[in-house]
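Trainee: Below you'll find the structure I mean.
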Amino acid sequence: MVIEPNEHLSCVAVVGLGKIGLPLAAMFANNGYQVYGADKNKEVIDSISRGESHVKNEPGLEELVLEAHQKNSLIATNSTVEAVSEANIVVVIVPVLVKENNEIDYQYIDSAVEDIGKGLQEGTLVIFETTLPPGDTVNRFGKRIEEISSLKMGEEFYLAYSPERVYSNRIIEDLNSYPKVVGGFNEQSLERASAFYQNALGCKMIEVSSIETAEFSKVAECVYRDVNIALANELAKFAEKMEVRISEVIEASNSQPFSHLHAPGIGVGGHCIPIYPYFFINKGLNQGLTTLSREINDSMANYAISKLENRVGDLKNKNVLILGLSYRENVKESTKSTSLLLIDQLKEKQANVFVNDPHYSVSEIIDYGVLPLSVNDKMIENIDVVILQAFHKEYETLDFKKFSNCELFFDGRNKLNEEDITQLGILYEGI
């Protein structure tokens, strides 16, 4: 079925229909805008064209996508050029990653920008929401759009930056409640971007003095969290030496309103915290807390392995089960997951590595070079060591009695009940 757009609505092109792009597109489409969503993934386009959300576990999103589909206000296409050519506002939410050597990987967003330049019409407002190194919106992307479109930035097209600030599993809620930070290339760009978000999302606006300020603010948020987690991990290690329980320390310390200690853990993963600090580091902030925090947080997997060896000895031929392939609880996302570091190190130790994650299929887990294992499988009786990496809700009712020959439960998130484990004769270790 071909869906005809609603000609009475102002047009927005959302470039990138991933876990953040689709919620944005659906929100815009239900708040008075005709939305053309562009994505290179055919399965994503097909799903949205049926009125279905390919992004799962996001409360309210499936309903918004279906409602927009029924109103003909959300149309998905694999042609960014066509989507942009129909729009007077373009919102870009295409990922920027880092390579193995921590250099910035622009391949996806560079490709999107090429297409935006080809389809851009005079008078269009282009807003980048992708987290970027400060300066990139103007110097890398704005100038490239100028070259391709032959339109002048700030005069013949408008440019702004407003970083996404949402959290998986509550994106719709965050879009409705978080203030929207926005910076513009010039006054006209800022005014147009601010007015758009006020109309499209109804949220509070924080207008900053420049695009670079807005870019910097988002990266700074992630650096703050990375540094705070690194501090918590460092304190947790020291607390162990002092025979002090860090969870009690944090609760007591944070009762004072100026203390905001985060929770320690086995590592930091995902698209944000372990990646975005390199947007500063690679721009020249290559000494100090930012770089040190990256080192501390990435070392936590090695720290965990050393604690396993201290408790159970040589890991060679030990059956080790990792609970949670995903980088954190209740999401399906393995980017920079600590589990990947654990898997590599356990294989080096010649352990037999098993993984359980209710969010992943058997074949998806196998693709990571490990053996999938259900917590209901009889093989559970042969597991020697269990590592909790992501505390999914399914693990809240885990039956520890099934692990009848387990020597050690390593609680990488300090979430399990130590007494329930130790009374079965199983060693317990946390961060």
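The values are calculated or read from the model by the stated rules, or taken from the named source; none is laboratory data. Keep in mind it's a predicted model, so treat the numbers as computed, not measured. Reconstructed Cβ throughout: ideal geometry from the backbone, glycine too, with neighbour counts over all protein chains shown.
Trainee: Which of the following residues is buried (at least 16 other Cβ atoms within 10 Å of the Cβ), among the hydroxyl-bearing types (Ser, Thr, Tyr) and within 22 Å of the chain's Cα centre (by Cα): Ser53, Ser73?
Mentor: Details: Ser73 fails: within 22 Å of the chain's Cα centre (by Cα).
Being buried (at least 16 other Cβ atoms within 10 Å of the Cβ), among the hydroxyl-bearing types (Ser, Thr, Tyr) and within 22 Å of the chain's Cα centre (by Cα) holds for just one of Ser53, Ser73, which is Ser53.
Trainee: Which one is farthest from Ser306 (Cα to Cα), of the residues in the stretch 335-348 that are touching a helix residue (DSSP H, G or I) at 6+ places or on another chain (Cβ under 6 Å) and buried (at least 23 other Cβ atoms within 10 Å of the Cβ)?
Mentor: Within the stretch 335-348, the match that is farthest from Ser306 (Cα to Cα) is Thr338.
Trainee: Could you tell me which numbered condition Asp314 fails, if it satisfies all but one of (1) free of Cβ contacts under 8 Å to residues at least 60 places away in the same chain; (2) under 24 Å from Lys19 (Cβ atoms)?
Mentor: Failed condition: (2).
Trainee: Mind telling me which of the residues Val375, Val355, Val331, Val370 ends up being farther than 24 Å from Glu418 by Cβ, free of Cβ contacts under 8 Å to residues at least 60 places away in the same chain and either of a type in the set (Phe, Trp, Tyr) or assigned by TED's automatic domain parsing to the domain that holds Ile421 (or both)?
Mentor: So the residue among Val375, Val355, Val331, Val370 that is farther than 24 Å from Glu418 by Cβ, free of Cβ contacts under 8 Å to residues at least 60 places away in the same chain and either of a type in the set (Phe, Trp, Tyr) or assigned by TED's automatic domain parsing to the domain that holds Ile421 (or both) is Val370.
Trainee: Residues in the stretch 338-395 that are within 26 Å of the chain's Cα centre (by Cα), under 16 Å from Phe410 (Cβ atoms) and either of a type in the set (Ser, Thr, Tyr) or in a strand (DSSP E or B) (or both): how many?
Mentor: Total meeting the criteria: 10.
For (1) within 20 Å of the chain's Cα centre (by Cα); (2) surrounded by 21 or more Cβ atoms within 10 Å (Cβ to Cβ); (3) part of a helix (DSSP H, G or I), each residue gets a yes or a no:
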{"residue": "Lys283", "(1), (2), (3)": "no, no, no"}
{"residue": "Arg294", "(1), (2), (3)": "yes, yes, yes"}
{"residue": "Asn302", "(1), (2), (3)": "no, no, yes"}
{"residue": "Val320", "(1), (2), (3)": "no, yes, no"}
{"residue": "Leu325", "(1), (2), (3)": "yes, yes, no"}
{"residue": "Glu333", "(1), (2), (3)": "yes, no, no"}
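Trainee: When you check Ala252 against the structure, is it in a helix (DSSP H, G or I), surrounded by fewer than 21 Cβ atoms within 10 Å (Cβ to Cβ), not assigned by TED's automatic domain parsing to the domain that holds Glu333 and not charged (D, E, K, R), yes or no?
Mentor: Values: in a helix (DSSP H, G or I): yes; surrounded by fewer than 21 Cβ atoms within 10 Å (Cβ to Cβ): yes; not assigned by TED's automatic domain parsing to the domain that holds Glu333: yes; not charged (D, E, K, R): yes.
Judged against the criteria, Ala252 is a match.
Trainee: Okay, moving on. Got a sec? Which helices (runs of 4 or more DSSP H) wholly within the stretch 133-241 have at least 3 residues that are free of Cβ contacts under 8 Å to residues at least 24 places away in the same chain?
Mentor: Fully inside the stretch 133-241 and qualifying: 187-201, 211-241.
Trainee: Look through the stretch 376-426, keep the residues that are in contact with a Leu (Cβ under 8 Å, 6 or more places away or on another chain) and exposed (fewer than 15 other Cβ atoms within 10 Å of the Cβ), and return whichever of them is nearest to Gln350 (Cα to Cα).
Mentor: Met379
Trainee: Say whether the condition of being surrounded by 18 or more Cβ atoms within 10 Å (Cβ to Cβ), touching a strand residue (DSSP E or B) at 6+ places or on another chain (Cβ under 6 Å) and assigned by TED's automatic domain parsing to the domain that holds Pro23 is met by at least one residue in the stretch 58-70. If you could, list the steps in order and put the result at the bottom.
Mentor: Let us first name the residues in the stretch 58-70 that are surrounded by 18 or more Cβ atoms within 10 Å (Cβ to Cβ), namely 58, 61, 64-65, 68-69.
This time we only want the ones that are touching a strand residue (DSSP E or B) at 6+ places or on another chain (Cβ under 6 Å), so: 68.
Adding the requirement that they be assigned by TED's automatic domain parsing to the domain that holds Pro23 leaves 68.
Yes, there is a match, as at least one residue in the stretch 58-70 is surrounded by 18 or more Cβ atoms within 10 Å (Cβ to Cβ), touching a strand residue (DSSP E or B) at 6+ places or on another chain (Cβ under 6 Å) and assigned by TED's automatic domain parsing to the domain that holds Pro23.
Trainee: Which residue pairs have Cβ atoms under 8 Å apart, sit 6 or more places apart or on different chains, and have a first residue in the stretch 91-103 that is in the same structural domain as Asp39 (by TED's automatic domain parsing) and over 10 Å from Val14 (Cα atoms) and a second that is at pLDDT below 90 and not hydrophobic (A, V, I, L, M, F, W, C)?
Mentor: Pro95/His271; Leu97/His271
Trainee: Kindly evaluate Ser247 against the criterion of being of a type in the set (Gly, Ala, Ser), under 30 Å from Val94 (Cβ atoms), out of contact with any Phe, Trp or Tyr (no Cβ under 9 Å at 6 or more places or on another chain) and part of a helix (DSSP H, G or I). Reasoning before the result, please.
Mentor: Details: of a type in the set (Gly, Ala, Ser): yes; under 30 Å from Val94 (Cβ atoms): no; out of contact with any Phe, Trp or Tyr (no Cβ under 9 Å at 6 or more places or on another chain): yes; part of a helix (DSSP H, G or I): yes.
No, not satisfied.
Trainee: Being under 29 Å from Asp105 (Cα atoms), in contact with a helix residue (DSSP H, G or I) (Cβ under 9 Å, 6 or more places away or on another chain) and buried (at least 17 other Cβ atoms within 10 Å of the Cβ): is that true of Gly265 here?
Mentor: yes
Trainee: Hey, any hits in the stretch 417-429 for a residue that's in contact with a strand residue (DSSP E or B) (Cβ under 7 Å, 6 or more places away or on another chain), part of a strand (DSSP E or B) and hydroxyl-bearing (Ser, Thr, Tyr)?
Mentor: So the first thing to find is which residues in the stretch 417-429 are in contact with a strand residue (DSSP E or B) (Cβ under 7 Å, 6 or more places away or on another chain), and the list is 418, 421-422, 426-429.
Next, only the ones that are part of a strand (DSSP E or B) stay: 427-429.
Checking which are hydroxyl-bearing (Ser, Thr, Tyr) leaves us with 428.
Checking the stretch 417-429: at least one residue is in contact with a strand residue (DSSP E or B) (Cβ under 7 Å, 6 or more places away or on another chain), part of a strand (DSSP E or B) and hydroxyl-bearing (Ser, Thr, Tyr).
Trainee: Okay, moving on. Quickly run through the stretch 304-318 and pick out the residues that are in a loop (DSSP other than H, G, I, E, B) and surrounded by fewer than 17 Cβ atoms within 10 Å (Cβ to Cβ).
Mentor: Within the stretch 304-318, Gly313, Asp314, Lys316, Asn317 qualify.
Trainee: Check Ala87, Ala76 and return the single one that is in contact with a Cys (Cβ under 6 Å, 6 or more places away or on another chain) and aliphatic (A, V, I, L, M).
Mentor: Going through Ala87, Ala76 in turn, the sole match is Ala87.
Trainee: Which one is farthest from the chain's Cα centre (by Cα), of the residues in the stretch 115-132 that are surrounded by fewer than 23 Cβ atoms within 10 Å (Cβ to Cβ) and of a type in the set (Asp, Glu)?
Mentor: Filtering first and then ranking leaves Glu122.
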